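Shown next, in structure tokens, is the structure this report addresses.
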Amino acid sequence: MSFDPKHWREANRRLAAAREEKTARHAALTRECYQKLPRLEQLDRAIQGTVAQAVAAALQHGSDPSAAVESARRENLALQQTRLELLRSAGIDPQTLEDAPLCPLCGDTGRHDGKPCSCVTGLCAEENLKELGRQLNLERLDFDRFQLRWYDAGVDPALGASHRSLMEAVAEVCRDYAETFPRCPAKNLYLYGGTGLGKTFLSACIAKAVAGQGYWTVYATAGDLVRQYEDVKFNRDGDGSGREDVRRYENCDLLVLDDLGSEMTTPFVQSALYQLLNQRLLAGRHMVISSNLDMDAVRGRYTPQVASRLEGEFQELPFFGRDIRLQQKEERQQRP
Ligand SMILES: [Zn+2]
């Protein structure tokens, strides 16, 4: 599992702000209680004193410190008990005065079991979804909203099956891919077929589901991706922010690349695309690509290196049917 440096920074900034707010709240509450119960403040000071005494005794050289440590410990316990009784008699729940960490798993250190704690990774996933939400209408994206009614139920003699049954199987592969990520049977999917058949919808559903599980997911249209590579090459990004964008495409856990073939395919684009594909494949990182091009068209458009990577390393998912947007328009026109 990797993290977008931008999401990581933002997650840690949010955690630090939440901790600061919690500390301030705790300090205000303590001050309020001290005003009501001056005796509580004296007791807290005395308790801190016994801790310091125990530490000082333990560090003393020469004599055996155990008796002094034990005496400080006993005094500490007695003071704690008096404090508890004072709070109870004032009707204050002792727990509200405890400065407990926000995350009991990592004690607000951000790491648990030698790995980033779920309090950080959960916020990273939130940031990832926020970012996808700026590109896609996330609310709409749900495998359950993929409507088979737009696909003909009659058997297509050329295929020996109906478009509906074939598309049901395609949707199932996509759902399965997202649900079993990153241990999905096929590492990479290639969704292809005519316009308006649901390729973008299903690939975006995968993006949302995988990002929701905490895997760093980047969605881009081929046109946007190519533009960013060109910006970096020709130094058009000015502040160098484009370089970070390009690295996201290379390093994310899942790259969803929409509408491959819609970009201007110059020699530079061919080489950038090959580098990206090759680098991700070598690193074992996942990709979902959608395109209007079948493999014959891919071979006609791209270099043999790009075509062979797509052919050899991706599970092909052909889409069938008639443009759904067109069918929806017809339906609207037929309404009285
Ligand atoms: Zn934590």
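The values are calculated or read from the model by the stated rules, or taken from the named source; none is laboratory data. Bear in mind the structure is a predicted one, so any value in this text is a computation, not a measurement. Glycine also receives a Cβ, built like all others from the backbone with ideal geometry; neighbour counts cover every protein chain displayed.
Looking at region 259-299, which of its residues are without any contact (Cβ under 8 Å) to a residue 60 or more places away in the chain and in a loop (DSSP other than H, G, I, E, B)?
GLY261, SER262, GLU263, MET264, THR265, THR266, ARG285
Keeping to region 83-116, report how many residues are over 16 Å from the mean Cα position of the chain (by Cα), among the basic types (Lys, Arg) and within 16 Å of the ligand (Cβ to nearest atom).
Summing the residues that are over 16 Å from the mean Cα position of the chain (by Cα), among the basic types (Lys, Arg) and within 16 Å of the ligand (Cβ to nearest atom) in region 83-116 gives 1.
Tell me, which residue of region 208-258 that is farther than 18 Å from ALA125 by Cα and in a loop (DSSP other than H, G, I, E, B) is modelled with the highest pLDDT? Please lay out each step first, then the result.
Going through region 208-258, the residues farther than 18 Å from ALA125 by Cα turn out to be 221-244, 246-247, 250, 257-258.
Filter again for in a loop (DSSP other than H, G, I, E, B), leaving 234-240.
Working: PHE234: 81, ASN235: 77, ARG236: 75, ASP237: 69, GLY238: 71, ASP239: 73, GLY240: 72.
The selected residue is PHE234.
Answer yes or no: is there a residue in region 22-36 that is surrounded by 11 or more Cβ atoms within 10 Å (Cβ to Cβ), closer than 30 Å to PHE181 by Cα and hydrophobic (A, V, I, L, M, F, W, C).
No, every residue in region 22-36 fails to be surrounded by 11 or more Cβ atoms within 10 Å (Cβ to Cβ), closer than 30 Å to PHE181 by Cα and hydrophobic (A, V, I, L, M, F, W, C).
Out of all the residues in region 313-336, which are assigned to a helix (DSSP H, G or I) and at pLDDT 95 or above? Don't jump to the end; show me each part of the working.
Of region 313-336, the ones assigned to a helix (DSSP H, G or I) are 313, 324-334.
Selection gives GLU313 alone.
Could you count how many residues in region 117-131 are in contact (Cβ under 8 Å) with a residue 24 or more places away in the chain and either assigned by TED's automatic domain parsing to the domain that holds ASP245 or near the ligand (Cβ under 8 Å from one of its atoms) (or both)?
Within region 117-131, residues that are in contact (Cβ under 8 Å) with a residue 24 or more places away in the chain and either assigned by TED's automatic domain parsing to the domain that holds ASP245 or near the ligand (Cβ under 8 Å from one of its atoms) (or both) number 2.
Can you tell me which of LEU159, LEU132 is among the hydrophobic types (A, V, I, L, M, F, W, C) and either modelled with pLDDT of 95 or more or under 21 Å from TYR215 (Cβ atoms) (or both)? Outline the logic, then answer.
Numbers: LEU159 fails: either modelled with pLDDT of 95 or more or under 21 Å from TYR215 (Cβ atoms) (or both).
LEU132 is the lone residue from the list that is among the hydrophobic types (A, V, I, L, M, F, W, C) and either modelled with pLDDT of 95 or more or under 21 Å from TYR215 (Cβ atoms) (or both).
For (1) touching a residue at least 24 places away in the same chain (Cβ under 8 Å); (2) surrounded by fewer than 18 Cβ atoms within 10 Å (Cβ to Cβ), each residue gets a yes or a no:
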position	(1), (2)
ASP176	no, yes
ARG183	no, yes
ALA207	yes, no
GLY223	yes, yes
TYR229	yes, no
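Being without any contact (Cβ under 8 Å) to a residue 60 or more places away in the chain, farther than 30 Å from PHE3 by Cβ and either exposed (fewer than 12 other Cβ atoms within 10 Å of the Cβ) or assigned by TED's automatic domain parsing to the domain that holds LEU254 (or both) narrows it down to one residue among ARG39, ARG88, ARG73; which is it? Write out each step before concluding.
Details: ARG39 fails: either exposed (fewer than 12 other Cβ atoms within 10 Å of the Cβ) or assigned by TED's automatic domain parsing to the domain that holds LEU254 (or both); ARG73 fails: either exposed (fewer than 12 other Cβ atoms within 10 Å of the Cβ) or assigned by TED's automatic domain parsing to the domain that holds LEU254 (or both).
Step by step, each of ARG39, ARG88, ARG73 is checked, and only ARG88 is without any contact (Cβ under 8 Å) to a residue 60 or more places away in the chain, farther than 30 Å from PHE3 by Cβ and either exposed (fewer than 12 other Cβ atoms within 10 Å of the Cβ) or assigned by TED's automatic domain parsing to the domain that holds LEU254 (or both).
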